[in-house]
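The values are calculated or read from the model by the stated rules, or taken from the named source; none is laboratory data. For clarity, every value in this text was computed on a predicted model and none was experimentally measured. Don't worry about glycine lacking a Cβ; one is built from the backbone with ideal geometry, like all the others, and counts go over all protein chains shown. Please note that ligands, DNA and RNA were not included when accessible areas were found on the heavy atoms of the full protein model with its side chains. Shrake-Rupley method; radii C 1.70, N 1.55, O 1.52, S 1.80 Å.
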Amino acid sequence: MNTMLALTTNAPGMGSTIGSMVLWIAVMGVLFYFMLFRPQKKQQNEMKQMLASLEVGDSVLTTSGFYGVVIDITDDTVIIEFGNNKNCRIPMQKTAITQIEKPNAE
């Protein structure tokens, strides 16, 4: 009989504990969204806009640290000329470009 009384007295406390736990999980989910996913999505959109503005003649910096000039652009690839040597033209993916400098920008 004492165990039955103990179970009934703890029952109201259990509901509020579970409710507060669910609330904390929801708060943590919202925090993760604003601290991790939203900035990452913003960075991806900025990268898409940068690559969309890519034009022939732009100076670029690649992920490997090389500077070059864009010679030709297709859907997914670009041909970049490195240095003053006209024979050093390398095709690479657009996603390998990290920075763009327009030739007429000061």
Could you list, in sequence order, all residues of the stretch 40-52 that are among the aliphatic types (A, V, I, L, M) and open to solvent by 80 Å² or more (accessible area, probe 1.4 Å)? A52
Inspect all residues belonging to the stretch 22-39 and state whether any of them is open to solvent by 90 Å² or more (accessible area, probe 1.4 Å), under 20 Å from the mean Cα position of the chain (by Cα), modelled with pLDDT of 90 or more and closer than 26 Å to E101 by Cβ. no
Which of the residues belonging to the stretch 53-77 are surrounded by 15 or more Cβ atoms within 10 Å (Cβ to Cβ) and touching a helix residue (DSSP H, G or I) at 6+ places or on another chain (Cβ under 6 Å)? T62
Taking the stretch 49-62 on its own, how many of its residues are outside any loop (DSSP other than H, G, I, E, B) and either touching a Leu at 6+ places or on another chain (Cβ under 8 Å) or touching a residue at least 12 places away in the same chain (Cβ under 8 Å) (or both)? 6
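Conditions tested, residue by residue: (1) part of a strand (DSSP E or B); (2) free of Cβ contacts under 8 Å to residues at least 40 places away in the same chain; (3) within 18 Å of E46 (Cβ to Cβ).
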site	(1), (2), (3)
S64	no, yes, no
V69	yes, yes, no
D72	yes, yes, no
D75	no, yes, no
G83	no, yes, no
M92	yes, yes, no
I100	yes, no, yes
N104	no, yes, no
